[in-house]
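The values are calculated or read from the model by the stated rules, or taken from the named source; none is laboratory data. These numbers were taken from a predicted model, which means no experiment stands behind them. Reconstructed Cβ throughout: ideal geometry from the backbone, glycine too, with neighbour counts over all protein chains shown. Side chains are part of the model used for accessible areas, which takes the heavy atoms of the whole protein and leaves out ligands, DNA and RNA. Shrake-Rupley method; radii C 1.70, N 1.55, O 1.52, S 1.80 Å.
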Amino acid sequence: MFKIVQMKVIYSYALAFLLPFLCYSQKEEIQTLESTLAQQNDEGFIKDAISLSKLYYAESLFEMGARRAQDAYLKAKEAGQNELMAVALNSRGKSIEKLADGRKTFFNRAYKSFELSNRHTSDNDLRLDNFTNMQSIAVTMNRPKDAQKAAYHIAVLKGEDPPPLPKEDGIGLFNSKKKKAMEEYRKVQAEKLNLAKEKKSLTEEKASLTEELTEMNIAQEAMREQQETLIDLLETKESAIVSMSEEQMKQELLLSEQERLLDSLTFINILDSLELAQTEMQVEQQNLELREKEAKLQLQATQRNLFLSLAGLFVIAVIGLLHRFLVIKGHNAVLAEKNKIIEKERERSEELLLNILPGAIADELKKSGVAATQHYDTATVMFVDFKGFSKISKQITPAQLVADLDHAFKNFDAIVEKFGLEKIKTIGDAYMCAGGVPNENQGHPINVVKAAIEIQAFLEIWNTEKSSKNEPVFEARIGIHTGPLVAGVVGSKKFAYDIWGDTVNVASRMETSCEPGKVNISNSTFLRIQHDFDCEYRGKVPAKNVGEVEMYYVNMDN
């Protein structure tokens, strides 16, 4: 299953990469938008990318629709355009939903796109469309709670009576605990307020009792003064007794004793009343202090319960955040791994394309979708062909034949790359390359001749090994010509870089007129290399549409 998904990803990115090359088969509007997209400013780029996403969606090119919507979303995010971000996310979600084909991963991505779109828009029509798509996905994925939520928001946006929302498991429990903690907190605050009022009342009562005690102390002081007055009066009476008769003294003494006893009883009653009042005041003050301690203990217990509730709420929040962090971390790890796979596949596609086309041509095709045909005033073409290849193919097995050709051409490729030449193609046992294309340079005739000499040297060593094993040898004829030609990429399938012109035909005639193991060059090439190589003049050969062409063998011993 993983290999199938992987192949689909590869094919999807290959299609996305090659789509600019196939744009001629799309509608004119898509062609126009694709060709001008790169030149647009931020807002123009976003709007055109969204339009392209919708056009691709209409053409059932959902992969490209999703990619263009993603481009629009990223650009809108950079520019801080929330409404355009929402529209791009809506378009991306629709394309991804069409690509899902029963896969939960794609449905989840589409659902999140619609959900994120709602966060960035205040447009009720767009929100209604998002919730409608979210309801469809939730029904498809058998997620009744999400479907009920979407139905609730759809009804609200339409102005209808909404159905009840589903009960949440984890979040509902969290909200329930949070609500309970808040209710506990409000109760604690109410109790704290009541205790404060009670404390204020007790403080006022204590102040009143203190005031009463002060008044009682003042009264006690007055009684002491009165006692002193009575004592003074008693002394006065005692001094008067001396001058009284015995009978009078007895009567006066009896009367005084009665008065004294009466005053003493009265004073004792007053003292007892004061002591009793003072005792009651002390008891009341002790009761007041006891109530204050109880209130403080109750307040401390309430604060402790509140702290425990808040601590429990905090622990639940931390656990929830930790769980979300771990989920996001796992998701990011999976996403990073997928991005690595995508990057590897992109690099692989890039390598495959560079193996098919020259780098400059490939870059031009990626940028504009076409590669303009180029005319070169001078380039050097080399043909390599094996002598008696048909005879060799009958002497060895097909597998061995293909293996030998592969070995030879791989070494040719290495030599051609070493001298900065461009391999054009192989046709059967023939190998064609050129110098001076697609990047023009002045030393291409010399480099092509050096490459030809090295190819013959490689074949000589290889044939020595094959002769020692009694295997048929591969002797090659090499022809080289320098002149003008045209190069480019034609067609819309199986792209290939090719060259045309009389220069190619003359180079082919040089090869057919060459002996095995030699390098045959035209006069045009000779004039450009004569100061660097020792050459042997060998006459003229007729060339189609050109006439007779002078030929030279390159002396390979130097």
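Regarding Glu221, is this residue modelled with pLDDT of 75 or more and either hydrophobic (A, V, I, L, M, F, W, C) or farther than 30 Å from Met85 by Cβ (or both)? Judged against the criteria, Glu221 is a match. For the criterion of being assigned to a helix (DSSP H, G or I), open to solvent by less than 50 Å² (accessible area, probe 1.4 Å), modelled with pLDDT of 90 or more and under 25 Å from Ser117 (Cβ atoms), Gly65 passes.
Entry remark, segment 294-332: residues being aromatic (Phe, Trp, Tyr) and closer than 30 Å to Glu198 by Cβ number 1 in total. Of the candidates Ile316, Ile342, Ile328, the single residue that is modelled with pLDDT of 80 or more, open to solvent by less than 60 Å² (accessible area, probe 1.4 Å) and in a helix (DSSP H, G or I) is Ile316. A residue that is in contact with a strand residue (DSSP E or B) (Cβ under 9 Å, 6 or more places away or on another chain) and in contact (Cβ under 8 Å) with a residue 12 or more places away in the chain can be found somewhere in segment 464-475. Based on this model, can you work out whether Thr503 counts as in contact with a His (Cβ under 7 Å, 6 or more places away or on another chain) and more than 24 Å from Asp557 (Cα to Cα)? When the stated conditions are applied, Thr503 passes them. Listed by first and then second residue, the pairs with beta-carbon distance under 8 Å, at least 6 apart or on different chains, first residue in segment 210-236 and more than 17 Å from Glu280 (Cα to Cα), second open to solvent by 70 Å² or more (accessible area, probe 1.4 Å) and assigned to a helix (DSSP H, G or I), are Leu234/Arg260.
Among the residues of segment 83-108, those that are under 11 Å from Met141 (Cβ atoms) and basic (Lys, Arg) comprise Arg103, Lys104. Within segment 262-285, the residues that satisfy the criterion of being at pLDDT 75 or above and either exposed (fewer than 10 other Cβ atoms within 10 Å of the Cβ) or of a type in the set (Val, Ile, Thr) (or both) are Thr279, Val283. The one condition from (1) farther than 17 Å from Lys518 by Cα; (2) among the β-branched types (Val, Ile, Thr); (3) in contact (Cβ under 8 Å) with a residue 60 or more places away in the chain that Val416 does not meet is (3). Going through (1) surrounded by 16 or more Cβ atoms within 10 Å (Cβ to Cβ); (2) among the aromatic types (Phe, Trp, Tyr); (3) out of contact with any Lys or Arg (no Cβ under 7 Å at 6 or more places or on another chain) one by one, Tyr553 falls short only on (3). Evaluate segment 477-490: report whether one residue or more is of a type in the set (Val, Ile, Thr), out of contact with any Phe, Trp or Tyr (no Cβ under 7 Å at 6 or more places or on another chain), closer than 23 Å to Lys410 by Cα and at pLDDT below 95. No, that holds for no residue.
Of all the residues in segment 463-513, those that are over 15 Å from Glu422 (Cα atoms), of a type in the set (Val, Ile, Thr) and either open to solvent by less than 10 Å² (accessible area, probe 1.4 Å) or assigned to a helix (DSSP H, G or I) (or both) number 5. Inspection of segment 529-542 identifies at least one residue that is open to solvent by less than 20 Å² (accessible area, probe 1.4 Å), within 19 Å of Leu421 (Cβ to Cβ) and of a type outside the set (S, T, N, Q). Among the residues of segment 372-398, those identified as closer than 30 Å to Asn470 by Cβ and surrounded by 11 or more Cβ atoms within 10 Å (Cβ to Cβ) are Phe383, Val384, Asp385, Phe386, Lys387, Gly388, Phe389, Ile392, Ser393, Gln395, Ile396. Among residues of segment 91-110 that are closer than 25 Å to Thr121 by Cα and open to solvent by less than 30 Å² (accessible area, probe 1.4 Å), those with a beta-carbon under 6 Å from a residue that is modelled with pLDDT of 90 or more and of a type in the set (Ser, Thr, Tyr) at least six positions away or on a different chain give the pairs Ser91/Ser53; Gly93/Ser113; Ser95/Tyr57.
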